[in-house]
Ligand SMILES: NC(=O)c1ccc[n+]([C@@H]2O[C@H](COP(=O)([O-])OP(=O)(O)OC[C@H]3O[C@@H](n4cnc5c(N)ncnc54)[C@H](OP(=O)(O)O)[C@@H]3O)[C@@H](O)[C@H]2O)c1
């Protein structure tokens, strides 16, 4: 049986997508930053679901590491599902964000998604049926002040996926996009969600539930997947309300999250172990 490749699979939504694929009896190739959790996660899933699970450690923002793992995958495994899930974001005043942090969002959310897809697409096209699932966000559907690069990166993913879908419409491959709303995955996102009112918190969908809905819809050949009723309602609200009206709401809502990023300002990796910080404008990384 062919494998499902999932990036950012050591925790959060990626981990839940891995569990859900394994539950469906699918063998997995899990990709995340180097560290203990990924190997442990792979072993645990392997035992629990009796499927083969391969753990590949790589920093996807580094071209040589992306080259290495895509080569390893194409040399050794048949794949029929690619899930580009790894991604980062944050809330910040644009001019106070470090260049390194802005670069990280672009490198991981945009560049890694494009080049993983580019490198793995020939292998996917060899299968009788294949899927590329790109994890965007509701943020792909609207400009968001104080998040700037994040919604822009997800809007890129949106058009990237839709363009590929049209280009390859006569091939047996589905380019699907998921638009999750807020999910309490890492501590920073939990703090961001908590900075909003109770009404917002009530509508939050867990990463586990999101993964279940997304995989079910994907294998039903759904191209555009908005998990959960309230996320669908939000998407509709965005569609029918002009940005000129929403802008006051957006400014008020997202400025509430600014204090969260101040808390994480000097925490390296913004909830993961990579070497970046939101602030520290003058601390150029060693990249
Ligand atoms: N959480 C939300 O509210 C939300 C809402 C809408 C959309 N999304 C999208 O859903 C996806 C998953 O979000 P999440 O909240 O589950 O993220 P998360 O909990 O922060 O997990 C991120 C995952 O990506 C991996 N990763 C980070 N940097 C990496 C790099 N340079 N190279 C390789 N792997 C890297 C991490 O690996 P390590 O564990 O090794 O660090 C981890 O497995 C993202 O694309 C995000 O934009 C999230």
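Before moving on, here are some points about what is shown:
- Amide N of the stretch 109-137 lying under 20 Å from the label point, which is placed 7 angstrom from the Cα of residue 1 along Cα→Cβ: 124-133
- From its DSSP helices (H runs of at least four residues, each -39,500 (n - 2.57)), the chain gives a residue-normalised ellipticity at 222 nm of -14500 deg cm²/dmol.
- Nearest 10 degrees, 0 to 90: helix 113-125 Cα axis against the chain principal axis: 20
- For the stretch 208-262, the gyration tensor built on C-alpha atoms gives an oblate shape. Its axis ratio a/c (a ≥ b ≥ c) is at least 1.5, and a/b is not larger than b/c.
- Value of relative contact order over the stretch 1-129, rounded to a whole percent, pairs C-alpha under 8 Å and six or more apart: 26
- Computed label-point distance, nm, for sites residue 198 and residue 24 using a 7 Å Cα→Cβ extension: 3.8
- Oblate is the label for the stretch 169-249, because a/c, from the alpha-carbon gyration tensor with a ≥ b ≥ c as root eigenvalues, is 1.5 or above and a/b does not exceed b/c.
- The chain: equivalent-ellipsoid semi-axes (sqrt of 5 x gyration tensor eigenvalues, Cα, Å): 29, 22, 18
- GNM on the chain, alpha-carbon springs under 10 angstrom: the most fluctuating residue among 165, 178, 140 is 165.
- Label-point separation in nm, residue 127 to residue 248, each point 7 Å along Cα→Cβ: 5.0
- As a proxy for reagent exposure, 254, 264, 118 were ordered by neighbouring Cβ count within 10 angstrom, fewest first; the result is 118, 254, 264.
- Potential lengthening between residue 258 and residue 222 on full extension [0.36 nm per residue; Cα-Cα distance subtracted]: 9.4 nm
- Once the Cα-Cα distance is subtracted from the 0.36 nm per residue extended length, the residue 99 to residue 77 segment shows a gain of 4.2 nm.
- Shape category assigned to the stretch 1-43 from the gyration tensor of Cα positions, a/c cut at 1.5: prolate
- Between helix 149-167 and the chain: long-axis angle, C-alpha atoms, 0 to 90°, nearest 10: 40
- For the chain, the longest principal axis of the alpha carbon atoms and the long axis of helix 243-255 meet at an angle near 90°.
- Across the chain, Cα pairs under 8 Å and at least six residues apart give a relative contact order of 19 percent.
Bear in mind these aren't lab numbers, they're just calculated from the coordinates by the rules spelled out. This one's a predicted model, so the numbers in the text were calculated from it and none came from an experiment. We place every Cβ from the backbone using ideal geometry, glycine too, and count neighbours over all the protein chains shown.
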